[in-house]
Amino acid sequence: MNNLLEIEALRVTFTTTKGEVSPVDGINLAITPGETLCIVGESGSGKSVTSLSILGLLGEKGRIAEGHIRLNGTDLTELNQTQLRKIRGKQVSMVFQEPMTALNPVMTIGNQLLEVIQVHTKLNRRQAEHTVLQMLQKVGIARPEAVMREYPHSLSGGMRQRIVIAIALICEPKLLIADEPTTALDVTIQAQILNLMKQLREERETAILLITHDLSIVAEMADRVAVMYAGQIVEEAEVFSLFDEPLHPYTQGLMRSVPTIQSGAEDRLVPIPGTVPSLTDLPQGCRFQARCPYAVEQCSLEAPSLRQVSAKHVVRCWLPQQ
């Protein structure tokens, strides 16, 4: 199957007071229609910057220094902002981490949904309102006519997140980017949101790029998983392969730091020592070496590249080769 999204050797830089930094440094990713790819890692690993690069939302100080981002064969890195605006919301949409800041507080819910339709389609007002009502019902809003007249502050967190998802999906994009879509939601609402995303993926063959640090969500949603650390992908595999046999010490550390259903009362979680290195002071060699329990001299002298260890499993580490 042809890839819907292809990210090739992407390097993103930001200008700071301490010089130029690269929160995303030479990553490669691909997603096929109807597939869910999860990107996991600690805060500061480059997950959100990767997603913002796809949409061209890096701001004035950020830029794509190298690489290509192809959506259905179109290289998004070669488009200007006017051209990108025609693609955002139509071919690719994003569910942002915090729905309250993603919604306009002075516009009604109905007008915010109608605005997306008016920008990307030629539907008249009556047709657009009918489409909005259908979408609100599809995302589980019980009283869509009343909610259309409401403002974001009057809705619960779960309902606001449903509205954000409705805005992202109303023009039926081929790719949905979801950045921590269930943050700050209780477990019940979180399950409803994830089920909604799975349902829409099955009905429309929408590809999903899901960014999260919650491994339980990864286990439930992902087809494939990419683990990021300090701007690089350190391991990528199909979800079952990754959970059955994580090969990178960082991935293993993430697994050990999460309780499992088999954990007993006497079992203690094992945290990963230290913190993600500063982008202005990255170590020579492997970027995880200072926190790695298996580091050897080679790790501090030479940076490992991604190596194929099986048909669909790659890892950036000297350990599996030793």
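Each value in this text was obtained by applying a stated rule to the coordinates, not by laboratory testing. Nothing here was measured: the structure is a model prediction, and the numbers come from that model. Please note: Cβ atoms are built from the backbone with ideal geometry, for glycine as well, and neighbour counts cover all protein chains shown.
The distance separating the Cα centre of the range 292-307 from that of the range 13-85 comes to 26 Å.
Take every Cα pair under 8 Å whose residues are at least 6 apart in sequence, average their separation, divide by the length of the chain, and the relative contact order is 21 percent.
Loop sites by DSSP among the trypsin sites (Lys or Arg not before Pro) of the chain, restricted to those with at most 13 other Cβ atoms within 10 angstrom, leave 150-267 as the longest stretch without any of them. For the listed residue pairs 138/198; 122/198; 90/138; 86/138; 47/90; 86/174, the alpha carbons are over 20 angstrom apart in 122/198; 86/138; 47/90.
How large is the dipole of the range 21-96 about the Cα centre if only Lys and Arg carry +1 and Asp and Glu carry -1, each at its Cβ, rounded to the nearest 20 debye? Mind showing how you got there, number by number?
Values: 8 positive and 7 negative charges, 74 e Å.
The dipole of the range 21-96 has a size of about 360 debye.
Around the Cα centre of the chain, unit charges on the Cβ atoms of Lys, Arg, Asp and Glu (plus for the first two, minus for the last two) sum to a dipole of about 1000 debye. Using the Karplus relation 6.51 cos²θ - 1.76 cosθ + 1.60 with θ = phi - 60°, the per-residue 3J(HN,Hα) values for the range 275-290 come to 9, 4, x, 5, 5, 8, 8, 6, x, 6, x, 5, 6, 9, 4, 5 Hz, with x marking Gly and Pro. Projecting the Cα atoms of 31, 68, 45 onto the charge dipole of the range 24-71, computed from C-beta unit charges around the Cα centre, puts 68 farthest toward the positive end.
Report the local net charge at residue 55: Lys and Arg +1, Asp and Glu -1, summed over other residues whose C-beta lies under 13 Å from its C-beta. Neighbour charge sum, excluding residue 55 itself: +3.
First measure r as the distance between the Cβ atoms of residue 245 and residue 153, then evaluate 1/(1 + (r/R0)^6) with R0 = 51 Å and state the FRET efficiency to the nearest 0.05. Efficiency, from the Cβ-Cβ distance: 0.60. When DSSP beta bridges are restricted to pairs lying wholly in the chain, around 65% turn out antiparallel.
Hey, what number do you get for the chain at 222 nm if only DSSP H runs of n ≥ 4 count, each worth -39500 (n - 2.57), divided across all residues, to the nearest 500?
Details: 12 runs with 108 residues, N = 322.
Taken over the chain, the calculation gives -9500 deg cm²/dmol.
Net charge in the neighbourhood of residue 9 (other residues with Cβ under 13 Å of its Cβ; Lys, Arg +1, Asp, Glu -1) is -3.
Charged side chains reduced to their Cβ positions (Lys and Arg at +1, Asp and Glu at -1) give the range 137-236 a dipole of some 420 debye around its Cα centre.
Only loop residues by DSSP count here, and only those with at most 10 other Cβ atoms within 10 Å; note down the GluC sites (Glu not before Pro) in the range 189-289 that meet that.
266
Would you work out which of 140, 318, 16 lies farthest towards the positive end of the dipole of the chain? Charges go on Cβ: Lys and Arg +1, Asp and Glu -1. So the residue we want is 140.
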